Structure formats: structure tokens, C-alpha cells
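Okay, structure first, notes after.
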Amino acid sequence: MRHKRLMALSLVVVLAFTACGKKNTDEPTPTPTVAPTETPAKPTETPTETPEEPGKDGSGEEVGATELTSNETLDKIHEEVKAAYGENYLPNMTFTAENLEEMFGIKADWYDAAIAEGPMMSAHVDKLIGIHVTEGNLENVQKALNEYHDAIAKDHQYPMNLLKVQASVVETVGDYVFFVMLGTIDEMKYTEESDMIKAFGEQNQIAVDIIKKNIEAK
């Protein structure tokens, strides 16, 4: 009898261990889930633009606000000069009264009519300035344009244009004063600088002849 009890007790213990082992096998301890950490999005930055300096355009020249007033003679000269040079007429920016004073030293009360053009690209130097001077200011305008000529002749910022600058002319016809630096040449044809300056001078003479024809014919 005692032997049977021991057998029964042993069976109960075995069954108890078996049940515990099965429970551990069937129900694994769950691994805690960690929520991913979100990196906050960077705020969108609006690109800042560097504004152009007031009063300047792409060429770096100061741009004024007061348009020049021309006259019939200057308008005719201007049109004929542009036609004579054709696609080689490079000035494509109209100067203002402020430009004439700041760049060339010509005050507004020294003239009553004017045309003034230069290149939009600073790599070019071509210019046509025509001034109808007021009484008593002929020498003032002549001096201002001659000083401008001398100043740019010493400016070595663009040495490739130096000979063209040296060939530019200040021409006075009656009560008009002009600054002329126009035209192009085939520089490969020349070996001497003096010949190149002469060729540039001949290009300027095209405009000078048109100027004289229109003013002296009156």
C-alpha cells in the first residue's frame, strides 16, 4: 500500500513538472517594443538673395534717373552714325544727366541738349557723347571730356582696349563737343601698335565726318 502511494506521488510530481515545462515553452516572455525616435524635420530655409546695389546695373556704371534731352541735329547725327557702323556700333546703354556729371564731369547747366551712350558690358569701351553747350561753357565741356580721355588712357583695367582708348577723340564743331570712341578693326592684320592706333583713328573718323557734315551744313 505504501508502495502504491509513493508511486502515485511520484506520478503527480512528474505531471506537475511537465505542465510547468510546457507552459514555459508555449508562452515566451514578450520582448518590449521600443517606439522609434523621430528626428524632427529641419525647418525649410528660404534662400536669401543679395540685392543689387541701388543705382547700379550689370556693367557697374552708376545709373541716374534724369534722361538727357536731345535736339534734331544730335538725333540725326546719332542715327547716321549707328547706320554707318552697323553691327559694329557697340554702345547699347543710354547715359543720364547724373552719369554725365559723375563719369565725365559735365554739369547739367553746361548744356541744353545731349546724347550719350556706352556699352552695357564693361569689357567694351565704345562710347559716343554729343553735347550742345550753353553760352559760356564750351571750354568747360572741352576740358571735362579731355580729362576723361586722359584718365581712361591711363587705366590699365582692360589693356586689350588701350590702343582703342588712345585713338579716341574729342571733337569740337561750332557749339557742339563730341567724344568719339567707336568701330572695330582686325587686329591680326597689324604688327605695330602705331598702325593699330591709326586704324582705330580711321574708325573714329567715320563718326567725325558725319558730325561735321550735319553741323557745318547749317
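The values are calculated or read from the model by the stated rules, or taken from the named source; none is laboratory data. Every value quoted in this text rests on a predicted model; they were computed, and no experiment measured them. Cβ placement follows ideal geometry from the backbone for every residue including glycine, while neighbour counts extend to all protein chains displayed. In case anyone asks, the SASA skips ligands and DNA or RNA and just uses the protein heavy atoms, side chains included. Shrake-Rupley method; radii C 1.70, N 1.55, O 1.52, S 1.80 Å.
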>> Residue under question is V169, and the condition is that it be open to solvent by less than 40 Å² (accessible area, probe 1.4 Å) and in contact (Cβ under 8 Å) with a residue 24 or more places away in the chain; does it hold?
In response: no
> Take the residues of region 112-126 that are of a type in the set (A, V, I, L, M, F, W, C) and assigned to a loop (DSSP other than H, G, I, E, B): which is nearest to L68 (Cα to Cα)?
Replying inline: M120
> With respect to I106, is the statement that it is modelled with pLDDT of 95 or more, open to solvent by less than 60 Å² (accessible area, probe 1.4 Å) and closer than 21 Å to K212 by Cα true?
Replying inline: no
> Does region 173-187 contain any residue that is assigned to a loop (DSSP other than H, G, I, E, B), open to solvent by less than 40 Å² (accessible area, probe 1.4 Å), in contact (Cβ under 8 Å) with a residue 40 or more places away in the chain and not hydrophobic (A, V, I, L, M, F, W, C)?
Replying inline: yes
> Are any residues in region 86-95 buried (at least 20 other Cβ atoms within 10 Å of the Cβ) and more than 19 Å from Q205 (Cβ to Cβ), and if so, which ones?
Replying inline: F95
>> Checking N146 against (1) open to solvent by 60 Å² or more (accessible area, probe 1.4 Å); (2) in a loop (DSSP other than H, G, I, E, B): exactly one of these is not met. Which one?
In response: (2)
>> Looking at region 128-139 only, could you name the residues that are open to solvent by less than 60 Å² (accessible area, probe 1.4 Å) and without any contact (Cβ under 8 Å) to a residue 40 or more places away in the chain?
In response: T134, N137, L138
> Quick one: would you say E193 is surrounded by fewer than 18 Cβ atoms within 10 Å (Cβ to Cβ), of a type outside the set (K, R) and at pLDDT below 95?
Replying inline: yes
>> Which pairs turn up if I take residues in region 190-215 that are within 16 Å of K164 (Cα to Cα) and look for partners that are open to solvent by 70 Å² or more (accessible area, probe 1.4 Å) and part of a helix (DSSP H, G or I) with beta carbon separation below 6 Å, at least 6 apart in sequence or on another chain?
In response: I197/Q166
> Mind checking whether some residue in region 208-215 is open to solvent by 50 Å² or more (accessible area, probe 1.4 Å), touching a strand residue (DSSP E or B) at 6+ places or on another chain (Cβ under 8 Å) and under 19 Å from I129 (Cα atoms)?
Replying inline: yes
> Hey, any hits in region 204-216 for a residue that's at pLDDT below 95, assigned to a helix (DSSP H, G or I) and in contact with a Gly (Cβ under 9 Å, 6 or more places away or on another chain)?
Replying inline: yes
